[in-house]
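What follows is a short report on a single structure.
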Amino acid sequence: MTAYIVRRLLLLIPTLLAGVLLVFGIMHLAPGDPVLLLAGPEADPRIYEELRQEWGLDKPVYIQCLTYLGNLVRGDLGVSLVTGRPVIADIGAYLPATVELTIFALFLSVVVGVLAGVLSAVRPNTLVDHSTRVASLLGVATPVFWLGLLLIILFHLRLGWLPGGGRIGIDVPPPRAITGLYLIDGLVTGNWTALGSSALHLLMPGFVLAFAQIARVARITRASMLGIVGLDYVKAGKAKGLKESKVVSRYILRNAWIPILTMVGEVAGTLLGGAVVTEVVFSWPGMGRYAVDSIMALDYKAIVAFAIIATTLYALMNLVVDVMYAWVDPRISYSRVSGGAG
Amino acid sequence: MKRSARMALVLLLSVTTALAFVASAYATDLVYARPSLGTKFLDPHQGGNSGRYQNLNLVYDTLVFSDDNGTLYPLLAERWEASEDYTEWTFRLRSGIVFHDGTPLNAAAVKFSFDRIVGIGNHTVAQWRFLGKDSTIEVVDNLTVRFKLSKPFPLFLTEVVYACYGIISPTAVQQHATSADPWAAEYFSSNECGTGPFQFSEFVPGERLVLVKNPKYWGGVEGVKSAAKVDRLVMRIVPDATTRAILLQSGEVDIVEQLPVDLLGQLATVPGIKVEYFPLQNFASLHFNGGKAPFNNEKVRQAISHAIDIDAIINEVEKGHVLPMYGLATQGMIGHDPTRARPMYDVALAKRLMAEAGYPNGFSATLIWATERRAEFDLEAVLIQEYLAEIGIKLTLQSLAYSAQLEKQLNADFDLSLMTFTSGTGDPSQIFDKYIAPPHPAAVGQYSMRWEAAPPFVAELVEYGMTIWDPAMRQHLYAFLDDVGMAAAVSVPLYQIPVPFAMRDNVRGFIYDTLRRSCFYFVSKD
């Protein structure tokens, strides 16, 4: 197992390299010149030249790329053209917000989605099943920005129960940064004000983000379980006189986990790259907004760094899922691989 | 066990709810929402656009200040004098002013800030950067500082009024400087320390910038800059326009900027909310690539200016939220002449001009613009396409990212373009140099934006305008240049864009102008 994990982690290196090359290539082909944006159209042409030299943009793109890779190996992601701060510091500020939102949304979508899927599968074509399926359809079909605004209008403007956006109240300084996740830092440092405020701020964007995923998880759970319900060993279990709950949880759900897990892993990987629309509607300072702002400003160091982080997280999520396969299904083993699975 | 767990949950929820709505620790709070902070928002001496003045003018003071009419006021400098040839400028500073960290303001601190601008390589302060490299700054005595410039610069005072010439605390810079970063550029991209009416309190990237009242502010200048009237100012980053409007309605924010025309219309009818407009020297116009056929033909340009019904655009698309233009000089700018006739919408005349120009059947061209600069351009481009179809011009529409549009314009790789021009200074010299003057030998990339076939006297007058000071004389000069430019239809000015702000109606005294941007120090709340 360890050998397998190490091998997968090593595979990450060429993946990242390919990612960096790809992003550099696209940036080079895309129209626009960051220097014009930085100095503005009214600037003295000498300024453009100076800026190009300062940022190394006067060099051929392969030299720029090699310089970047050289710095990357030394752990230097460069300085953002826009904020003037090291890119790593910016990501350090934006990534935890995304991680916090993702974990919460994922938790919500797995718990609710699996539950709804199981209910649907156990009583197929009944009222419960139909209503879950309609709800799932709604979840997939509802535009995120519309749902987000609707919730803000209801819970913030009309009822006044929840804050209208942001990560923490304006009167509440963020808790001392340990993990960067406000809930955990608030808990660890005993800062209850920060904990409470950030929890309230998390509810709406977390739900909106989870809403579409709940539907996906529910649908795949249902489909996956229905494929197993009719199998002989399930019938045998029932014939043996086992309680239905036991049949469902031990015989069916346990065997239906693999496709659910695959999808959850994929969802987690995607969400960790940031959810732009949700972040914009709820003023959430996450990676999606950071990436879009950087792209609009052609802030290439920030864009490449974002690509690296997003690729790494996605690959790691896939690895975690693959490892969990073995844990969920003992028939899967990575130690005896001789060239097959992997 | 189960019961106690449930009890604990209920307790936790009620405690968090109570804490979240705990009253603010500040007596008066002003919350202001904007879509983003933009480029290098916090450090006066690093690059970035004039949008940064909103923050910089609150935290930093400059030597001299000016209002929108160009009147100069002493700020940190109590008086000044220039040598006859404008190469030596001596400033006498006010005594007793301290920075937010307690460092006293003196001549050495002023020299330090101007050295930092050159050292850090700020790309927006080109004038001083190129001048400053060969010039010297002398600390005459504790409160007297003398600039010895390498060449005459009569407009030195109108240059140093910008917030990017703000004076920073040398102690704070030195404390956070490293060998790799001698001017503490990294520290000051998330911190601030000046002498202004507000001082830095908290910066959470992507979320907010919090400033608090500087209780020891030296007082400022009556009507120009004053001590803060609110205890705390929170600049919240709210990227979505609809969310900004909702937060204003719920009272979570007090002032909101950058709302589209339709949302402004809705908010104006909500009780408790008012919408105010501030006429800045910003305008939208249709540009020609004047270096290229057929747009190098004056008659073609005139035809286009008569083929577009600008009033229809102003009334139907902009719903009257903008002002008409009588030339390139906007309302409030030197050279503005509201008696000048605007190009009339006259399709027959336009057709005749096209025929005279040798294009009776028209031609094909492309119109570029960037939605991110102005959302209304999307609709206006379609209207212009229809208007020009009337005189036989087949327009292809191409919406671009702003960066791509800029690149195309600077490489003269376009036909027609919709642009907004934002004056960072309010002075006409910038606009006329850019639009009316013929191509500069130094400005290689900017040919497309200039008047290729301008008569020689135009360049001389534009140059002359930068060396004179007398406002009456400059009014005549720029009004004349504007006549010449409009007659040749060097571009089609569409409308002036006053900046709208929606705010709670208990907000008093909010002012927004070219140089100072938001004067939050004048704002109070009932």
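Between helix B:471-487 and chain B, what is the angle of the helix's C-alpha long axis to the longest principal axis, kept within 0 to 90° and rounded to the nearest 10?
Compared with the principal axis, the helix lies near 50 degrees.
Once amide H atoms are placed 1.01 Å from N in the peptide plane, what residues at a sequence separation of 5 or more from B:GLU78, or on another chain, have their amide H within under 5 Å of its amide H?
B:ARG92, B:LEU93, B:ARG94
Once phi is turned into θ = phi - 60°, what whole-Hz ³J(HN,Hα) does the Karplus curve with 6.51, -1.76 and 1.60 give for every residue of the stretch A:84-94, x standing for Gly and Pro?
These are the phi-based 3J(HN,Hα) values: x, 9, x, 4, 5, 5, 4, 5, x, 7, 8 Hz.
Putting +1 on Lys and Arg Cβ atoms and -1 on Asp and Glu Cβ atoms, find which of B:TYR326, B:ALA268, B:THR195 reaches farthest to the positive end of the dipole of the stretch B:195-326.
Of B:TYR326, B:ALA268, B:THR195, it is B:THR195.
Using the charge dipole of the stretch B:282-496 (Lys, Arg: +1 at Cβ; Asp, Glu: -1 at Cβ; taken about the Cα centre), state which of B:ASN296, B:GLN405, B:MET486 has its Cα farthest towards the positive end.
B:ASN296
If you add up the charges near A:THR98, with Lys and Arg at +1 and Asp and Glu at -1, over every other residue whose beta carbon is less than 15 angstrom from its beta carbon, what do you get? Before the final figure, lay out each step's value.
Working: positive: A:ARG167, A:ARG289; negative: A:ASP90, A:GLU100, A:GLU279, A:ASP293, B:GLU207.
Its environment carries a net charge of -3.
Rounded to the nearest 0.05, what FRET efficiency do B:ASP526 and A:LEU11 have when you use their Cβ-Cβ distance and R0 = 45 Å?
The calculated FRET efficiency here is 0.10.
With the contact rule set at Cα under 8 Å and sequence spacing of 6 or more, what percent relative contact order holds for chain A?
So the answer I get is 25 percent.
With 10 angstrom as the radius, rank B:TYR162, A:TYR334 by how many other C-beta atoms surround their C-beta, starting from the fewest.
By the 10 Å Cβ count, ascending: A:TYR334, B:TYR162.
Taking amide H atoms as placed 1.01 Å from N in the peptide plane, list the residues 5 or more away in sequence, or in a different chain, whose amide H sits under 5 Å from that of B:SER66.
B:TYR73
Near B:LEU37, within a Cβ-to-Cβ distance under 11 Å, what is the net charge of the other residues, with Lys and Arg +1 and Asp and Glu -1?
With Lys, Arg at +1 and Asp, Glu at -1, the neighbours total +3.
How do B:454-465, B:287-298 rank on mean C-beta neighbours within 10 Å, highest first?
B:287-298, B:454-465
Please report, in debye to the nearest 20, how large the charge dipole of chain B is about its Cα centre when each Lys and Arg carries +1 at its beta carbon and each Asp and Glu carries -1 there.
Once rounded to the nearest 20, the dipole reads 1380 debye.
With a ≥ b ≥ c taken as the square roots of the eigenvalues of the C-alpha gyration tensor of the stretch B:64-170, please select rounded if a/c is under 1.5 and otherwise prolate if a/b is larger than b/c or oblate if it is not?
It is rounded, given that a/c, with a ≥ b ≥ c, falls under 1.5.
Would you mind counting up the charge near B:ASP311? Only other residues with Cβ under 11 Å from its Cβ, with Lys and Arg at +1 and Asp and Glu at -1.
Once positives and negatives cancel, what remains is -2.
Sorted from fewest to most neighbouring beta carbons within 10 Å, what does the list B:ARG34, A:ARG7, A:ARG74 look like?
Working: B:ARG34 21, A:ARG7 12, A:ARG74 6.
The most exposed by this proxy come first: A:ARG74, A:ARG7, B:ARG34.
Put +1 on the Cβ of every Lys and Arg and -1 on every Asp and Glu Cβ in chain A; which of A:SER197, A:GLY84, A:ALA302 then has its Cα farthest towards the positive end of the dipole?
So the residue furthest toward the plus end is A:SER197.
Can you give the angle from 0 to 90° between the axis of helix B:377-390 and the longest principal axis of chain B, with both taken from C-alpha atoms, to the nearest 10?
The angle comes out at about 0 degrees.
So how tilted is helix B:107-120 from the main axis of chain B? Cα-based, degrees 0 to 90, rounded to 10.
60
When only C-alpha pairs under 8 Å and at least 6 residues apart count, what is the relative contact order of the stretch B:64-170, in percent?
Details: 160 pairs, mean separation 33.4, N = 107.
Once normalised by length, the contact order is 31 percent.
Testing the spin-label approximation: label points 7 Å from Cα along Cα→Cβ at B:ASP413 and A:ALA223. State their distance in nm.
4.5
Identify which of A:ARG222, A:ARG250, A:ARG133 has the largest mean-square fluctuation in a Gaussian network model of chain A, with springs joining Cα atoms closer than 10 Å.
Judging by the Gaussian network model, the answer is A:ARG250.
Which whole-Hz ³J(HN,Hα) couplings does the stretch B:347-354 yield from phi under the Karplus relation 6.51 cos²θ - 1.76 cosθ + 1.60, θ = phi - 60°, glycine and proline marked x?
Going residue by residue, I get 5, 4, 4, 4, 5, 4, 4, 4 Hz, with x marking Gly and Pro.
Who wins for biggest fluctuation among A:ALA135, A:ALA215, A:ALA116 in a Gaussian network model of chain A, springs between alpha carbons below 10 Å?
With Cα springs under 10 Å in chain A, the top fluctuation among A:ALA135, A:ALA215, A:ALA116 is at A:ALA135.
What dipole magnitude, in Debye to the nearest 20, does the protein assembly as shown give about its Cα centre under +1 on Lys/Arg Cβ and -1 on Asp/Glu Cβ? List each step's numbers first, then the result.
Working: 71 positive and 78 negative charges, 944 e Å.
That gives a dipole near 4540 debye.
Could you check the simple spin-label distance between A:LYS243 and B:ALA341, using points 7 Å along Cα→Cβ, in nm with one decimal?
For A:LYS243 paired with B:ALA341, the spin-label model returns 9.5 nm.
Run the dipole for the stretch B:282-496 about the Cα centre, Lys and Arg Cβ at +1, Asp and Glu Cβ at -1, nothing else charged, and hand back the magnitude in debye, nearest 20.
Roughly 260 debye for the stretch B:282-496.
Only Cα pairs within less than 10 Å get springs; with that Gaussian network setup on chain A, which residue of A:VAL99, A:VAL87, A:VAL128 has the largest fluctuation?
A:VAL128
None of the figures in this text is laboratory data; all of them are computed from the coordinates on show. Not measured: the values here are computed from a predicted model. Positions of Cβ are generated from backbone atoms using ideal geometry, with glycine treated the same way; all protein chains shown enter the neighbour counts.
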